[in-house]
1. What's the number of the condition residue 251 fails, among (1) among the small types (Gly, Ala, Ser); (2) in contact (Cβ under 8 Å) with a residue 40 or more places away in the chain; (3) crowded, with 18+ Cβ neighbours inside 10 Å?
2. Given the criterion among the acidic types (Asp, Glu) and touching a residue at least 12 places away in the same chain (Cβ under 8 Å), identify the matching residue among 173, 198.
3. Can residue 297 be described as farther than 24 Å from residue 19 by Cβ, buried (at least 16 other Cβ atoms within 10 Å of the Cβ), modelled with pLDDT of 95 or more and in contact with a helix residue (DSSP H, G or I) (Cβ under 9 Å, 6 or more places away or on another chain)?
4. Read through the list (1) within 19 Å of the chain's Cα centre (by Cα); (2) under 20 Å from residue 230 (Cα atoms), then give the number of the only condition that residue 135 fails.
5. Just checking, which of 307, 263 is under 22 Å from residue 333 (Cα atoms) and in the same structural domain as residue 214 (by TED's automatic domain parsing)?
6. Within region 279-288, does at least one residue satisfy the condition of being in the same structural domain as residue 235 (by TED's automatic domain parsing), polar (S, T, N, Q), in contact with a strand residue (DSSP E or B) (Cβ under 7 Å, 6 or more places away or on another chain) and in a loop (DSSP other than H, G, I, E, B)?
7. If we scan region 305-322, do we find a residue that is within 19 Å of residue 238 (Cα to Cα) and free of Cβ contacts under 8 Å to residues at least 24 places away in the same chain?
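The values are calculated or read from the model by the stated rules, or taken from the named source; none is laboratory data. Source: prediction; values computed, not measured. All Cβ positions, glycine included, derive from the backbone under ideal geometry; neighbour counts span all protein chains shown.
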Amino acid sequence: MRTIDWADGAIELIDQTLLPHRLEVHRVTELQELIADIQRLAVRGAPALGVAGALGTALIARAHTTGDVLDLPSAQRDAALLREARPTAVNLSWGVDRALTRLTEGAEAVLAEALTIRDEDIAACVSMGLRGADLTRELTGKQSVNVMTICNTGSLATVERGTALGVIQTLFEQGSLTEAFPLETRPLLQGARLTAWELQRMGAPFRLLIDSAGPFLLSRGIADAVFIGADRIAANGDTANKVGSFSLALAAKHAGVPFFVVAPESTVDMRTASGADIQIEDRGTDEVAGFGGMRTAPEGITAVNPAFDVTPHELITAIITERRVVRPQLGETLAETPFGPLLP
């Protein structure tokens, strides 16, 4: 099933806050509902947020259309609210802005563009999986590999299949996955709750790791490659992803293990020069001070809770998109590396 889609005049999305205990589809008909779902992480993952932004813009266009007349200023005002719902992931604003290019043509044109974005995401994930699986075998010299990943980058982070976890799924389907090692991903446990759920559903062999064990176990040779997704890739290749990614990149460098970033071209932000220019969302104290409605830290404490960190491009073996592979450690750049076709 799809993580996010359009059905009968509304957005339908899997409420990821309820997984793995309950699979529930939430039907969204109002802008404020969608913004709330984005902010509480009912829908999350950069590509899925791009689709959410586009479909949300279609909702907005419909809400501000009376007869055949679209109230452009009101629609543009609401679209601005949607694009700012989460600041770090560039795909959300990208999806909104691309759908807005059809706004003067009317609500149905906006919806058509949003559905095109949805379909492009599905095709991109297939292509990234194939490119990533081929590159993994090439650089490791192995036909079957152990891999490590953080957060959730599977179908729940996209429409179908996924980015980094999509590569792992492709390796599994091709008989090239020995074992996967997802990190639990504190503080909201997207790895333990979501990635483990997806790996279990696909029947892939895996064992769950606590976050702080990942770097040490890489030094002991537990994995042949590390895969992460991305919420924003700067023009120089610096990559913002779930906090903990930077630590894995440092450990992978120490262990001589390839470190792969897997993300669609829509996550590449050539307007952002480097990782130093990426705004990092801090989600406050509550997520750190407790979990699942239970307080685990003393009352009155405060926390620093960055949702993301930035991995410098020098630590990235390859950036894998649906149309190309860019290898920063070899001096390749996003600006100069040409685009190829979608696979297959």
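1. (2)
2. Numbers: 173 fails: touching a residue at least 12 places away in the same chain (Cβ under 8 Å).
Of 173, 198, the one residue that is among the acidic types (Asp, Glu) and touching a residue at least 12 places away in the same chain (Cβ under 8 Å) is 198.
3. Details: farther than 24 Å from residue 19 by Cβ: yes; buried (at least 16 other Cβ atoms within 10 Å of the Cβ): no; modelled with pLDDT of 95 or more: yes; in contact with a helix residue (DSSP H, G or I) (Cβ under 9 Å, 6 or more places away or on another chain): yes.
So residue 297 fails the test.
4. (1)
5. Values: 307 fails: under 22 Å from residue 333 (Cα atoms).
Just one listed residue meets the conditions, 263.
6. Narrowing region 279-288 to residues in the same structural domain as residue 235 (by TED's automatic domain parsing): 279-288.
Checking the rest, the ones that are also polar (S, T, N, Q) come to 279, 285.
Next, only the ones that are in contact with a strand residue (DSSP E or B) (Cβ under 7 Å, 6 or more places away or on another chain) stay: none.
So far as region 279-288 goes, no, none of its residues is in the same structural domain as residue 235 (by TED's automatic domain parsing), polar (S, T, N, Q), in contact with a strand residue (DSSP E or B) (Cβ under 7 Å, 6 or more places away or on another chain) and in a loop (DSSP other than H, G, I, E, B).
7. The first filter runs over region 305-322 and keeps only residues within 19 Å of residue 238 (Cα to Cα), leaving 306-322.
From the residues that got through so far, the ones that are free of Cβ contacts under 8 Å to residues at least 24 places away in the same chain too are 314.
Yes, there is a match, as at least one residue in region 305-322 is within 19 Å of residue 238 (Cα to Cα) and free of Cβ contacts under 8 Å to residues at least 24 places away in the same chain.
For every residue, the table says whether it meets (1) part of a strand (DSSP E or B); (2) surrounded by fewer than 18 Cβ atoms within 10 Å (Cβ to Cβ); (3) aromatic (Phe, Trp, Tyr).
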residue: 112; (1), (2), (3): no, yes, no
residue: 116; (1), (2), (3): no, yes, no
residue: 119; (1), (2), (3): no, yes, no
residue: 132; (1), (2), (3): no, no, no
residue: 142; (1), (2), (3): no, yes, no
residue: 148; (1), (2), (3): yes, no, no
residue: 156; (1), (2), (3): no, no, no
